[in-house]
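The values are calculated or read from the model by the stated rules, or taken from the named source; none is laboratory data. This structure is a prediction, so every number in the text was calculated from the model and none was measured. Cβ: placed from backbone, ideal geometry, glycine included. Neighbour counts: every protein chain shown. Heads up: the accessible areas ignore ligands, DNA and RNA and are worked out on the full protein's heavy atoms, side chains in. Shrake-Rupley method; radii C 1.70, N 1.55, O 1.52, S 1.80 Å.
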Amino acid sequence: MKKIVIDPITRIEGHLKVEAIVDNGEIKDANISGTLFRGMEIILKGRDPRDAVLLSQRICGVCPEPHAIASVSALEDCAGLTDKIPENGILMRNLIHATRTIADHILHFYILSGLDYIDPSKVSEYGGNNLDLNNLKLFLEQGYSKPFLPHNEIDYRLDTRTTNEVASHYLKALDLYRKAQEMASIFGGKWPHDSAIVAGGVSERLTSDKIHSYLWRLDELEDFVKNCYLPDVFAVAEAYSDYLGIGKGCQKLLAYQSYKVKTNGHYNNSLIAGGLVENIDKYKSLDIGNITEDVMHSWYKDSSPLNPENGLTEPDARKSEAYSWIKSPRYNGEVYETGPISSLLATYLSKDNTFVKDMLKTSLSKINGKISNLYSVMGRHLSRALVANILCHHSKIWALDLEAGEPATTEYVPPMEGKGIGLASAPRGALGHWLTVKDGRISNYQVITPTAWNASPKDKDGNPGPYEQALIGLKVKESESPVEILRVIRSFDPCTACAVHVVTAKGNLVGKYKVV
């Protein structure tokens, strides 16, 4: 038996550590550790509930908008506002949320994970003297791919032409990521941490020029998703077809509904379905009351698994059986993965959406895959790109439905007492905020992020979390470049800054970690 330790995992948001036990080239067990504690739930206690939307966005600088939407939704639920949001407010939230999600998926594939499949030595060989590609090659070889060197131990499979096409799209993706942030800021006010998403709607004044400014940028974004992002995912999936069966994980999926759409004149439906998917073709509705958080192997004071409505955040950094600052969310005591696969399949199975069904079938045929292959490393990459394409398509519809000059928010009286739940489909999956107000102040606030579901440690029954299950059984080369582990973990798009919301208030050292 040997142990592989990767600390930290690079090219992700936050601090994550992997310990894998390897026997004869196969991972037999794995521990995933979130190594940073911030206590956002504790920070929110005692504050005006209207402050939560601003502070909770600070959980993450990459995807703050879903936190804003989940936070205001929880307050609106508490205040009885849910059905009183003006149509412009609903559509503007959809556009902010969708555009940031598309940008996040582009960021993930090209900057954070796609380069696990790109051989830096091939960049700029094809196509002659390209200054940008030569600079990119230098960047990759001198620092971006460390510490996983030497490169000759990594199974790069893309030919030189495809390598350079994907690499050139990497450079274009940086520009599109910036433009997508500009697009959403037209309605959100700024980035990161939007100022315009408020309980009651969106505070940004809607004008015709803002709608047109958004639409002409959307054309370029949609063109990139259709003609660069999706083809690049197909190319990588074709070259690494074995990764359509690697990293399957727990094979149970959980999604929250998101992006309100109109049916029969009312916004009482959603584009992205919520629910549970099991055995790839079995869809079930979701009961939020069945969600609990287990802390057996987390650095929090022991308690029985609690629904987040009654959740506790009481750190215990010296707990002997713990190995992560991430709690273990469970549904009916069972492990569930969340993310674009969950959103895609829940929508595919539960809704009569011809666009989604045809797109998924066509895309799978391009890589000789089946729906069951979505439970995999490449399945996660494909699902992410398809969700981006779905959101591009619907964003144009939403933008054209906006009415300049009409209200986008409604007035309300902040609640003095009550409880509320806000759910959203974040780029990485199901995000939930649970709010309790007493005497006009927040008495309890709990957040369960997508990465908390996916990167959760073992629970009281010893069940490994989705990351851990995806690693167990993985074949790895015994080399200095354990890239197989990184490909599996990064396919989930980790955001551990979101997941572990170390130092005490007096500045005393709690833990010391060597970062290489």
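One table, with the values for the structure above:
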| item | result |
| --- | --- |
| Percentage relative contact order, region 1-136, counting C-alpha pairs under 8 Å, at least six apart | 14 |
| Accessible area in square angstrom per residue, the chain, 1.4 angstrom probe | 39 |
| Relative contact order of region 350-445, defined on C-alpha pairs under 8 angstrom at six or more residues apart (%) | 15 |
| Residues with amide H under 5 Å from that of SER303, placed H, sequence gap 5 or more | VAL295 |
| Set of lysines with alpha-carbon distance to LYS137 below 26 Å, sequence-local pairs under 8 removed | LYS122, LYS146, LYS172, LYS179, LYS226, LYS477 |
| 3J(HN,Hα) from dihedral phi, region 446-462, Karplus parametrisation 6.51/-1.76/1.60, rounded to Hz, x for glycine, proline | 10, 10, 10, 8, x, 5, 5, 4, 7, 9, 5, x, 4, 9, 4, 8, x |
| Bins of 5 Å from zero: percent of alpha-carbon pairs in region 212-299 | 3, 9, 9, 11, 16, 18, 14, 12, 7, 1, 0 |
| Spacing of the two label points (7 Å from each Cα toward its C-beta) at ILE21 and ASN268, in nm | 5.4 |
| Percent of beta bridges antiparallel (DSSP, the chain, rounded to nearest 5) | 95 |
| Ranked by how many other beta carbons lie within 10 Å on average, peptides 332-341, 416-425 from highest | 332-341, 416-425 |
| Peptides 180-186, 350-356, 307-313 ordered by average Cβ neighbours within 10 Å, highest first | 180-186, 307-313, 350-356 |
| Region 319-328 - phi-based ³J(HN,Hα) in whole Hz, Karplus 6.51/-1.76/1.60, Gly and Pro as x | 5, 5, 8, 8, 9, 7, 7, 8, 6, 10 |
| Within-10-Å neighbourhood charge of VAL72 [Cβ basis; K, R +1; D, E -1] | 0 |
| Amide proton proximity set for GLY201, modelled H, under 5 Å, gap of 5+ | THR410 |
| Distance (nanometres) between label positions extended 7 Å along Cα→Cβ at LYS319 and VAL5 | 2.2 |
| Note, ³J(HN,Hα) from phi for region 279-296, Karplus 6.51, -1.76, 1.60, rounded to Hz, x at Gly and Pro | 6, 6, 10, 10, 9, 9, 6, 10, 10, 4, x, 8, 8, 9, 10, 9, 10, 3 |
| Environment charge at PRO305 (Cβ cut-off 9 Å; Lys +1, Arg +1, Asp -1, Glu -1) | -1 |
| Carbon and sulfur %, accessible surface of region 372-485 computed with the full protein complex present, 1.4 Å | 51 |
| Segment ARG178-LYS282, extension gain: residue separation times 0.36 nm, minus the distance between their alpha carbons | 33.6 nm |
| Alpha-carbon gyration tensor eigenvalues x 5, square-rooted, for the chain, Å | 34, 30, 21 |
| Relative packing of peptides 374-384, 203-213, 229-239 - highest average C-beta neighbours within 10 Å first | 374-384, 229-239, 203-213 |
| Filter on LYS3/LYS370; LYS84/LYS396; LYS45/LYS460; LYS438/LYS458; LYS262/LYS366; LYS282/LYS366 - keep pairs with C-alpha separation over 30 Å | LYS3/LYS370; LYS438/LYS458; LYS262/LYS366 |
| Summed residue charge, Cβ within 14 Å of ARG428's Cβ, Lys/Arg positive, Asp/Glu negative | -1 |
| Computed E for LEU306/LYS396 - FRET, C-beta separation, R0 56 angstrom, nearest 0.05 | 0.85 |
